[in-house]
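Chemist: Structure below; questions to follow.
Computed from the coordinates by the stated procedures, all read-outs in this text should not be read as laboratory data. Source: prediction; values computed, not measured. Neighbour counts run over all protein chains shown; Cβ positions are idealised from the backbone, glycine included.
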Amino acid sequence: MDKLTFPMFPAIELVNFLRQNILTGTEGKSFTKNDIYPNPKVEWVQKLFMRVLQQVFSHGVEQFYMVPMDLEIPYPHLVEGFAPVAYILKLMPRFLQMCQVYDFHPSDVLNPKGKRTLYLLSGIVNYFHFRETRKEMYTAFCMSYKSALENMNQQQRTIQELEAKIEKLTTVPPEQQAEFKALSSDIHDLQQTISQEYRAKDVVFQEKIAQKKTDFAEKNKKLNQYKLTIATMKEEQERLKSQIVESPEQRKSKTERMKENVQRLKQARQETSENYDHYRERVAVACLWQSDIVAYNKKLHSIEANLETYRKIREETRQKEEQIVNKNLELKSVSNEDAQLKRTIMIKKEKLSKMDIKNQKKQEDFEERKKEILEVCSHIQEKRQAVHERVSHVLQEIQQISNKKDQLLETAEEEKKKYQDVMTGFKTGLEKYHDSLQKASDRSAERRREKISELKRMLSRR
């Protein structure tokens, strides 16, 4: 008793606890402090131990008065009065080991002492307090585990619903696949025809530009040769002037010829500069035309991508129409835009066919037709921007749903790991508890065998 692992309670506090939690009815009303301290009564100590063992081991009162049939005694009915005491002596060491009391003796039941009884009852009361706290913690853990399981199941259901929604948003409905394939094939055909036509025209323009560049290089080369001959002729003239003395008539005729040559060279130079400016303008126009063709091809590609995104948007609006009735006006506007896009596509096809006919008939109407195509492309670009905004909104919703899904999965995994750690700790505690109980039961069985052998020796002596 020098090194206690639990606090010692006063007698009054022990009496109050035993009245409230152990004894019931008339037993609790008639129980007083004098029954346990300073001179404890044997019947009250045995009764208290019996009630404690009934609560801890869930034994009935009848089990304490049943004589074991395996006892080898000639008259078992003679020991029926000793049966409750024998059961108490059998179970109390096993129980007190759980209360951190390892020095129980039969005299504590047969001849109890005041301080010793307070010591044993203090250990029992401390065990009951510990049992209540553990029970509350275990019930709270069970409730939290149950709520966590329900939360995990709900999260799994929400994840499945979100996956189904994502799958619906990313799949193409079968009733729109034919329309989508038809539109994509028409756009592909238009793109091929336009690319072939303008590629041929581009090749012709490139050949003409290359030819003009070669002509210009040849004329520039001739001009440089002319300049070189003029410079050499001037040098030769100066050299000859210094060597010979010419008559005024010859000099005059030479100067006139030279003026004529200079005038002719100036005219040739002016013609070459004019041709150079003309060819430069032609090259600039050809470059502008080439960039327009590339931009038009890019716009056709963007139109095809916009049609794909438009299909996704229309599918999403169809699904929302079934769920939300308040968005009928928005769905009608989307359907009107669909009709407008179809009409614009048909108008574009008609204009492209007319443009092909006009290209075959007249080459001079190229600038006017280019303006019409640019207007149509600007109109389509505006529509594409509107559709792109809708698609970006849908993609943001999908990203938010996927982020929520990942967060739910992470929280579920973390909670699952926490519950697994708690369960493993609880299992290890239960295993240790079971091992201690098994050891206690083995020790009590060995003590019971010793007591039975001692009782046999005592009976044999008598």
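Chemist: Express in nm, to one decimal, how much length is gained between residue 129 and residue 143 on full extension, taking 0.36 nm for each residue of separation and deducting their alpha carbon distance.
Modeler: 2.9 nm
Chemist: How charged is the neighbourhood of residue 109? Take every other residue with its Cβ under 13 Å from the Cβ of residue 109, and add Lys/Arg as +1 and Asp/Glu as -1. Before the final figure, lay out the partial values.
Modeler: Working: positive: 41, 47, 90, 113, 116, 451; negative: 43, 108.
Net local charge, residue 109 excluded: +4.
Chemist: May I pose another question? Treating the beta-carbon of each Lys and Arg as +1 and of each Asp and Glu as -1, no other charges, what is the dipole magnitude of region 11-149 about its Cα centre, to the nearest 20 debye?
Modeler: My answer is approximately 500 debye.
Chemist: Enumerate by residue number the GluC sites (Glu not before Pro) in region 340-407 meeting two conditions: DSSP loop (anything except H, G, I, E, B), and at most 11 other Cβ atoms within 10 Å of the site's Cβ.
Modeler: Qualifying residues, ordered by number: 364.
Chemist: Next question. Within 14 Å, Cβ to Cβ, of residue 424, how many net charges do the neighbouring residues add up to if Lys/Arg are +1 and Asp/Glu are -1?
Modeler: Values: positive: 416, 417, 418, 427, 432; negative: 421, 431.
So the environment of residue 424 carries a net charge of +3.
Chemist: Spin-label point model (7 Å from Cα, Cβ direction): what's the residue 422 to residue 151 distance in nm?
Modeler: With each label placed 7 Å out from Cα toward Cβ, I get 0.9 nm.
Chemist: Put +1 on the Cβ of every Lys and Arg and -1 on every Asp and Glu Cβ in region 351-395; which of 386, 374, 357 then has its Cα farthest towards the positive end of the dipole?
Modeler: Of the options given, the answer is 357.
Chemist: As an exercise, use a Förster radius of 25 Å and the Cβ-Cβ distance of residue 63 and residue 103 to find the FRET efficiency, rounded to the nearest 0.05.
Modeler: 0.40
Chemist: Oh, and also: For residue 33 and residue 111, compute 0.36 nm times the residue count separating them, minus their Cα-Cα distance, and round to one decimal in nm.
Modeler: Here the segment from residue 33 to residue 111 would lengthen by 26.3 nm.
Chemist: Let me ask something else. Under 20 Å Cα-Cα from residue 439, which lysines qualify once same-chain neighbours fewer than 8 residues away are excluded?
Modeler: Cα-Cα hits under 20 Å: 90, 427, 451.
Chemist: So, by mean Cβ neighbours within 10 angstrom, what's the order for 257-263, 11-17 with the highest one leading? Don't jump to the answer; show the numbers that get you there.
Modeler: On the way: 257-263: 11.3, 11-17: 16.0.
Per-residue Cβ counts within 10 Å, averaged per peptide and sorted highest first, yield 11-17, 257-263.
Chemist: If you don't mind, there's one more thing I want to ask. Obtain the nm distance between the two label points defined at residue 275 and residue 224 by a simple spin-label model: each point lies 7 Å from its Cα along the Cα-to-C-beta direction.
Modeler: It is 1.6 nm.
Chemist: Now for a separate question. Assuming 0.36 nm per residue, please report the length gained on full extension of the stretch residue 162 to residue 254 beyond their Cα-Cα distance.
Modeler: Using 0.36 nm per residue and subtracting the Cα-Cα distance, I get 23.2 nm.
Chemist: Here is a follow-up. Measure off 7 Å from each Cα along the Cα-to-Cβ vector at residue 54 and residue 189, then give the distance between these two points in nanometres to one decimal.
Modeler: 9.7 nm
Chemist: Around residue 415, with a cut-off of 12 angstrom between Cβ atoms, what is the net charge of the other residues, counting Lys and Arg +1 and Asp and Glu -1?
Modeler: Residues near residue 415 contribute -2 overall.
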